[in-house]
Each structure stands twice: as structure tokens, then as C-alpha cells.
Amino acid sequence: MKKTVLVGVSGGIAAYKSCELVSLLRKRNYNVKVVMTKNATEFVAPLSFETLSNNEVMLDTFAEKKKFDVKHVSIAKEADLFIVAPATADVIAKFSNGICDDMLTTTYAAFFKPVLICPAMNTKMYENEANLRNMEFLKSKGNLFLDSETGFLACGDVGKGRMAEAAAIADKADEILTPQSDFRDKTVLITAGATVEDIDGVRFISNYSSGKMGVALADAVTERGGKVIFVRGNTSVPDPEGCEIIKVKSTMDMYEACLDNLSRCDVIIKAAAPADYRPERTYDNKIKSDALTLKLVKNPDIAKAIGERKGNRILVAFAAETTDLLKNAGEKLIKKNADMIVANDLKQEGAGFGVDTNIATIIYADGRMESLPIMDKRVLAHCILDGILSV
């Protein structure tokens, strides 16, 4: 699930660095929202942050509401991390003493998740006994700090007080929110759900695939810092958050969507259950007949087509079988030119379509085989990602 970072900007010259911070966080696939003090707007216009974050900037506690909620409370519930950058001596003092006189300080008071404070001020202000006492008090209450750097300050002095660089703050956010970021530079195309092949205006051919495994995989990739292109057919679960969603209907639609986006990804995980066959002929209106004979034609093999074109990309296929699981899965692995295949027996209790668990065996192209016990599909998703990194 995509994480939300709230960036609080107070009135210091270092506010310009927060523009780069917001941009970096978005590039790392975080949803970013910004809350500013009135003084901060003297240094950077709210429009700059709105453009960089693609979200409305929160500024006025008493602004006219577009929807009924208590904004500083609702955003405190929504965000996963609150970064205050720059944090001036004034804001640090207010945090320490429970003063809530604007949107930033009231939001801080309502926030119950990790807070990362990035001080920025003149050296003498930083070393002031009251400021040092306030920072120590906030640390004792669980607030995280990324301390100021030493260097040339805007006032002309040289000393401690410069706000940490945007990249260092973004790295700290990663450390807090995405401790396992091994998919950070990867784009993963995931297919999910069942495809639908129309017979007539009311009937179709499909299967029982719910899309649960595909959604679990998409969430796992996002949690580990990667980007997801989610190509999904008919599903019974909500789409994953923070992904590029491509909705398709038929196997041919999914085939074209996968090949069209192949060049954009590093890994392809074929977790969907596309229909193997489609009616040779379809009808616009409902067929009315005592007997109906359908002639079916074979749909293209999406995984095989990707395997023929994948180059140095990694292809993960799935094999849902009812007989000869390992034999059939091994043959599919070779036929599709996949790097690994996730095999499961649909007849086993706790495995297969529509349930939250699965029992899988992962077979690798290099001959390795890993048999996994029954587990939640979300746990299995991370096992599959670990397997991808071992290829």
C-alpha cells in the first residue's frame, strides 16, 4: 500500500530545500501532502508545493471546507510519517509546550505516528539553552530528529544550524517507512484476476480467479519501494493503492496490454488466470435456443509471448493445477521461458482461487525448488519477491 508523507514547512529560509524534498519523496513513490505556516509562505509560495506534491497545501485552520472533516485530525490519521522541515526554534518550542495556534502545530498535536524533525536556524539560536532543552524534551517523547549540519548559514555565520539536505531527509523517510527497499529502482508489471470472453449479450466464459494474489503482490512491491503496473481483469477485491491500474476484459486485451507495457518494466509477474479459450463467434443479443453448441478457439499464451520477448527481464509465471502439479509446472516453466514458476494444487484445502491463503511450490529455471507451507497470500507475495531477487 502506498505510504503518505506529510511535510510540515515552517518559516525559515531553508523552506526552499523542502521543495526538493517533496519532489524526491514523490519520485520514491510516496503520496506527499504539505502543511505550511503563514510565515513559510513568505519564503515559498503554496502553489510551488501544490505543483510538486500534486495535492492541495493545508495552510488555514479555518479555511472554507470542501468536505466535512476536521482537517488537522483527518490528515493526522491519513499520513504515515510527519516530516517537519524546516523546523524553526519557534515551531520546536510550540511542539514542546503544546501550543496549537495554526494548522501545522494543531496537526502535530493530533499526530500519533512517527515524526521526523529537521531543525534549521542560526547557530546562536540552535545553541540557545531553551532550544536545546525543547529538542531534548521532544526526543524523550519519541520524536525523531535529523540534526542540523554545520556550514555557511544564510545570515553569513558559519556554524551549526543548516537544515539537512533533502536527499538525507528522504533517505531517513525511507529508513522509517520502507526499511526493506530492495525493489526501489524496479518497475513490476503484475497481472491479476480473471479475463472474460463474451458469448452473447448476457453470457460469457471466465473462471474463479479473485485477483487476491495479484493484489497481495502489488502491495508487497509497493511496500518494498517498487513501482507497479497492475493489469487486471475481473476481480472481487479492491485495486491496490499507489499503482498504475490498467483494466482489461478479455485475454486478448490483457495480451496487448502486457506487450504494450513490456518495455517499461524490469519484472513481469503473471498472477492472472486468463481464459485459455474464447468463442469463435460472439452474438450481440441473448441467444435463445433449446440447445447451444459453441466452437472455441485458443487464446494466445500471454506468458509464452512475454518469455519470447523479455530479454533480460525476469518473468514469473503461475501454474494452478489439479493433477501432476510439479510435472505440469516444470513443463510450463520451460515452455514459457520463465525464470521461476509458482505452482499450486487447486485441490488442496487452503489453496487456489478466492481464499486468503495458498500452498505453493516455487520452481526456478536453474533447477532449484522451494516447497512452502500454507500461508497468507500476503506472506507468499514477499516469498515470491525474495525469490525474484535470487534469480
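Just a yes or no: is a residue in segment 313-326 charged (D, E, K, R), at pLDDT 95 or above and either surrounded by 15 or more Cβ atoms within 10 Å (Cβ to Cβ) or in the same structural domain as Gly211 (by TED's automatic domain parsing) (or both)? Checked segment 313-326: at least one residue is charged (D, E, K, R), at pLDDT 95 or above and either surrounded by 15 or more Cβ atoms within 10 Å (Cβ to Cβ) or in the same structural domain as Gly211 (by TED's automatic domain parsing) (or both).
Residue-level check: of (1) over 30 Å from Cys265 (Cα atoms); (2) touching a helix residue (DSSP H, G or I) at 6+ places or on another chain (Cβ under 6 Å); (3) of a type outside the set (Ser, Thr, Tyr); (4) assigned to a helix (DSSP H, G or I), Lys160 misses just (4).
Taking the criterion of being crowded, with 24+ Cβ neighbours inside 10 Å, part of a helix (DSSP H, G or I) and among the aliphatic types (A, V, I, L, M), the only residue of segment 247-272 that qualifies is Met254. Pairs are defined by a Cβ separation below 7 Å, a sequence spacing of at least 6 or placement on different chains, a first member in segment 351-375 that is in contact (Cβ under 8 Å) with a residue 40 or more places away in the chain and among the acidic types (Asp, Glu), and a second member that is part of a loop (DSSP other than H, G, I, E, B) and surrounded by fewer than 13 Cβ atoms within 10 Å (Cβ to Cβ); no pair meets this definition.
Checked against (1) buried (at least 16 other Cβ atoms within 10 Å of the Cβ); (2) under 22 Å from Gly307 (Cβ atoms), Val196 passes all but a single condition, namely (2).
If you go through segment 204-246 and keep only what is part of a strand (DSSP E or B) and either polar (S, T, N, Q) or free of Cβ contacts under 8 Å to residues at least 24 places away in the same chain (or both), you end up with Phe204, Asn234, Glu244, Ile245, Ile246. Restricted to segment 333-357, and to residues there that are within 21 Å of Ser206 (Cα to Cα) and buried (at least 16 other Cβ atoms within 10 Å of the Cβ), the residue that is farthest from the chain's Cα centre (by Cα) is Asp345.
The residues of segment 126-157 that are in contact (Cβ under 8 Å) with a residue 24 or more places away in the chain, surrounded by fewer than 18 Cβ atoms within 10 Å (Cβ to Cβ) and part of a strand (DSSP E or B) amount to a single one, Leu144.
When segment 373-387 is filtered for residues that are touching a helix residue (DSSP H, G or I) at 6+ places or on another chain (Cβ under 6 Å) and farther than 20 Å from Asp266 by Cα, the ones remaining, listed by number, are Lys377, Arg378. Would segment 322-334 turn up any residue that is in a loop (DSSP other than H, G, I, E, B) and of a type in the set (Gly, Ala, Ser)? Checking segment 322-334: not a single residue is in a loop (DSSP other than H, G, I, E, B) and of a type in the set (Gly, Ala, Ser). Residues that are closer than 18 Å to Ile314 by Cα and out of contact with any Leu (no Cβ under 7 Å at 6 or more places or on another chain) within segment 338-361 comprise Met340, Val342, listed in sequence order.
Matching residues to (1) assigned by TED's automatic domain parsing to the domain that holds Phe353; (2) modelled with pLDDT under 95; (3) not polar (S, T, N, Q):
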site	(1), (2), (3)
Phe145	no, no, yes
Gly156	no, yes, yes
Gly159	no, yes, yes
Ala167	no, no, yes
Arg203	yes, yes, yes
Ser209	yes, yes, no
Gly214	yes, no, yes
Leu217	yes, no, yes
Val221	yes, no, yes
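Residues considered: Pro114, Pro86. Of these, the only one that is within 24 Å of the chain's Cα centre (by Cα) and modelled with pLDDT of 95 or more is Pro114. Note on segment 364-386: among residues that are part of a strand (DSSP E or B) and charged (D, E, K, R), the one that is surrounded by the most Cβ atoms within 10 Å (Cβ to Cβ) is Glu370. Is it the case that some residue within segment 103-115 is assigned to a strand (DSSP E or B), at negative phi and surrounded by 16 or more Cβ atoms within 10 Å (Cβ to Cβ)? Yes; the residues of segment 103-115 include at least one that is assigned to a strand (DSSP E or B), at negative phi and surrounded by 16 or more Cβ atoms within 10 Å (Cβ to Cβ). Can Ala154 be described as closer than 16 Å to Ala14 by Cα, in contact with a helix residue (DSSP H, G or I) (Cβ under 7 Å, 6 or more places away or on another chain) and small (Gly, Ala, Ser)? In short, no. Scanning segment 179-203 for residues that are outside any loop (DSSP other than H, G, I, E, B) and polar (S, T, N, Q) yields Thr187, Thr191.
State yes or no: is Ala170 in a helix (DSSP H, G or I) and in contact (Cβ under 8 Å) with a residue 40 or more places away in the chain? So Ala170 passes the test.
The values are calculated or read from the model by the stated rules, or taken from the named source; none is laboratory data. Only a predicted model underlies this, so the values are computations on that prediction, with no experimental measurement involved. Don't worry about glycine lacking a Cβ; one is built from the backbone with ideal geometry, like all the others, and counts go over all protein chains shown.
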